[in-house]
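Working notes, beginning with the structure itself.
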Amino acid sequence: MEHLINQNIAHLKPSATLAMNERSNAMIQSGKKVYKLGFGQSPFPIPDVVVNALKQNAHQKDYLPVRGLPALRHAVARYHQLKFMIDCTEDDVLISPGSKELLFLIQMIHRGQLLLPQPSWVSYEPQAHLATKSFHWLPTTLDNDYLLDPATLDDYCRSQAAQPRLLILNYPSNPTGATMEPALLEELAKVVSEHQVLVLSDEIYGDVDHNGQHTSIAHYYPEGTIVSSGLSKWCGAGGWRLGTFVFPKNLHWLLEKMAVAASETFTTTSAPIQYAAIRAYEGGPEIEAYLQDSRAVLKRIALEVSTQLKKHHIAHPTPKGGFYLMPDFSHYRESLSQRGIITGSDLCEGLLEATGVALLPLSAFGMDDRFLGARLSYVDFDGVKALDKIRKKPHATAAELAPSVMEAIKIMVDWLNQ
Ligand code: PMP
Ligand code: GLU
């Protein structure tokens, strides 16, 4: 009966991140030791004040407004204003059960071609297939930390007939951990403005910039930028499913159509979660301390993993935010090929089977599988213990904060050198 499945969807498989999480968990259940560097969820607990707000709101049972609870939209707008200097009010905010849902809806609704820097997060391209949207990958290089070079975008736009376009940017980046500095954002803003490209700026890792210095492109291109974010990463609440989009006033026509699509699909986001999210977005000293400590832990681990990899000739952009790092194992190409390992997928498969270290192949991120690299999530550690440790011992090492991550790196390097 498979012929009854629409052509645009027939070739799609379960999302690589979620499939790897389930595969790793199944291996663990069957008694194997697995280092879960293939999945990216926050290792940290949700702050107590936010958990308490959820407890107090467990009784909330009514359907809430499609766009989200007004008090939550107000808190989300203030958060974006105060943290990232984005000029917005509650009328500009849309709430959803996870930002992934809104990322899909915008692709369904906006008529333009989708542009994606290569590599980009796993779900944007499959969503384009679901939405039967045309898309184009924009190449990047290691020299540029795999960030989009404004000249690449400019050349592409000039080489094609003018048409509506939607560019998804994601920084700090999943899969690289690199981020865009203000000067680059400003330069890029000039190009997108000149070619009238709509920017969907996925800033879900913005508040886990390791130095707490995230800047939004909305600051330089306010009229053409929609900012995507949510509670999943900075608040440790991926399973709560709460995402946000912030629109500029001149794109309210798009917000309104997205709200129509929301009303016909997910209806609204879970009521208790929305009430609790108000507390998260209100912030305050406990939440700021939590963020500072989380960033310090991530930064320490990222830099020590990065140092280890560099020592073994594994090239990658130095991570500046988020949970990821993108190692390039090309240095080992010859010896790996003698072991039958030619592609990034071969490498991830071989490594997992032989050692239990799980990574994700970059083909899931739009890279050619012949590129001998992978995405490494360095968040397989106990976040409660790590926060406690860094509070007591600010100079704690990565091995003290994330013993299994550091062990996995050693095992991986030994396997490469076999
Ligand atoms: N964008 C990026 C870059 C991500 O890594 C994720 C991962 N969860 C999402 C969007 C979607 O997040 P959520 O649906 O949990 O808001
Ligand atoms: N964003 C996480 C990752 O890239 C997982 C969650 C998801 O893909 O929805 O690993």
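The calculated 222 nm mean residue ellipticity attributable to helices in the chain amounts to -13000 deg cm²/dmol, summing -39500 (n - 2.57) over DSSP H runs of n ≥ 4 and dividing by all residues. The length gained by stretching the chain between A19 and E223 to full extension, at 0.36 nm per residue less their Cα-Cα distance, is 69.7 nm.
Using a 1.4 Å probe over the heavy atoms of the protein chains, calculate the carbon and sulfur portion of the accessible area of the chain as a whole percent.
Values: 9360 of 17860 Å².
Within the chain, the accessible surface is 52 percent carbon and sulfur.
Take the Cβ atoms of R333 and A151, set R0 to 30 Å, and the FRET efficiency comes out at 0.55. As a calculated quantity, the FRET efficiency between A10 and Q292 at R0 = 51 Å, using C-beta atoms, amounts to about 0.60. Normalised per residue, the accessible area of the chain is 43 Å², obtained with a 1.4 Å probe and no contribution from ligands, DNA or RNA. List the aspartates and glutamates whose Cα sits under 17 Å from the Cα of K393, skipping any in the same chain fewer than 8 residues away. Here the aspartates and glutamates satisfying the reach criterion relative to K393 are D293, E304, D382.
Each of the peptides 274-287, 228-241, 25-38, 245-258 was scored by the mean count of other Cβ atoms within 10 Å over its residues; in descending order, highest first, they stand as 228-241, 274-287, 245-258, 25-38.
For the set K36/K385; K55/K233; K36/K233; K33/K100, the pairs lying more than 23 angstrom apart at their alpha carbons are K33/K100.
How would you rank 374-381, 97-104, 147-154, 2-9, highest first, on the average number of other Cβ atoms within 10 Å across their residues?
Descending mean neighbour count gives 374-381, 97-104, 147-154, 2-9.
The values are calculated or read from the model by the stated rules, or taken from the named source; none is laboratory data. Only a predicted model underlies this, so the values are computations on that prediction, with no experimental measurement involved. All Cβ positions, even for glycine, are placed from backbone atoms using ideal geometry, and neighbour counts span all protein chains on display. What goes into the accessible areas is simple: the full protein's heavy atoms, side chains included, and nothing from ligands, DNA or RNA. Shrake-Rupley method; radii C 1.70, N 1.55, O 1.52, S 1.80 Å.
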